[in-house]
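Here the structure comes first, spelled out in structure tokens, and everything after it is commentary.
Only the coordinates and a few stated rules stand behind these numbers; no lab work does. Given the structure is predicted, the values throughout are model-derived calculations rather than measurements. Here Cβ is always computed from backbone atoms with ideal geometry, including for glycine, and neighbour counts include all displayed protein chains.
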């Protein structure tokens, strides 16, 4: 079955939108990390620097999966491998 | 050099890498792109800075003053970061970590100065990841010897080896993709703001620049170096 290029481009855009649903996970994860860091600082305000740097490191690692979704979306939108 | 069709068809959104001129390299068409130019500008800036810093430190005084203060502050804080993460092993890796820290930081921040950040090109971040991977591999062989390395590969059971190998190979890919995607997302966001909202883009994009270029760039630099150091000290633990 042959599809024309415009149809494939439209479907690529829908696929890119679906790929960006991956952003939900890191959002929730980073929120949880920030919440726990806030309570840790509340319990031990002296360790604020260490807690903050650990939190940022963990959040940046947790962000990776969302960024993979972003990359898939970007490739679908701009490189358009399926429409070739 | 495929420019996206969907977004840039009817607006001025532009964040792709552009080719400046192409030349023939043993039968292959090779492009000099905007990434190369921006990388060159970043490197020249760093070289000028390092040259001046070297000159200043050659005539260093007992009580630091002026520019010597800045240089000593940078060197000391980088050393402290490496030492606090890697402990007694950190001494040998100050050079490497310091170099990639300054390079990635300047690359990320260069988006603020109107360049297209060189780290928003996978061709820049993958070599950084591969350099880290090579360093990890060499140190693993050096500290754990070949037998320890093979034992580490067959960690719980021998047939677990393929999964361990995939886990090892994933290190440079995830390191480089994380940096690349973060900087790229910032670049895309700024291009969208300036391209689609150009009529009302006065002053307030500065706040976005602070977040995407300064904050995100600094955090990703820190994360790249921290992960490199963590993997390195992991590779150097002997059982």
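Annotations for the structure displayed:
- Within 10 Å of the Cβ of each residue in B:166-177, the mean number of Cβ atoms contributed by other protein chains is 1.
- Relative contact order [Cα under 8 Å, 6+ residues apart], chain A, whole percent: 53 percent
- Only helices enter this figure: runs of n ≥ 4 DSSP H residues, each worth -39500 (n - 2.57), summed and divided by the residues of chain A, yield -25500 deg cm²/dmol at 222 nm to the nearest 500.
- For the peptide B:31-41, the mean number of other protein chain Cβ atoms found within 10 angstrom of a residue's Cβ is 0.
- Chain B: C-alpha gyration tensor shape, a/c 1.5 cut-off, then a/b vs b/c: oblate
- At 1.002 mPa s and 20 °C, Stokes diffusion of the protein assembly as shown via Kirkwood alpha-carbon radius, µm² per second: 95 µm²/s
- The ranking of B:72, B:29, A:2, A:63 by Cβ neighbour count inside 10 Å, starting from the fewest, reads A:2, B:29, B:72, A:63.
- 20 Å reach of a label modelled at residue B:92, 7 Å along Cα-to-Cβ, counting backbone N of the range B:195-239: B:225-239
- GNM flexibility winner over chain B from B:109, B:32, B:136 (Cα, springs under 10 Å): B:32
- MRE, 222 nm, helices only [DSSP H, n ≥ 4, -39500 (n - 2.57), over chain B, to nearest 500]: -22500 deg cm²/dmol
- Angle between chain B longest axis and helix B:216-235 axis [Cα atoms, degrees, rounded to 10]: 20 degrees
- Size descriptor, Kirkwood hydrodynamic radius, that averages inverse alpha-carbon separations across chain A, Å: 15.0 Å
- For residues of B:183-190, the mean tally of beta carbons on other chains within 10 Å: 2
- Comparing B:117, B:60, B:75 in a Gaussian network model of chain B where C-alpha atoms under 10 Å apart are linked, the largest mean-square fluctuation is found at B:60.
- Taking every C-alpha pair closer than 8 Å and separated by at least 6 residues, the mean separation divided by the residue count of the range B:77-235 gives a relative contact order of 36 percent.
- Listed peptides B:81-87, A:38-44, B:181-187 appear in the order B:181-187, B:81-87, A:38-44 once ranked by packing, highest mean of other Cβ atoms within 10 Å at the front.
- Between helix B:34-58 and chain B there is an angle of about 60 degrees, using the helix long axis and the longest principal axis of the Cα atoms.
- Degrees between helix A:48-74 axis and first principal axis of chain A (Cα, 0 to 90, nearest 10): 10 degrees
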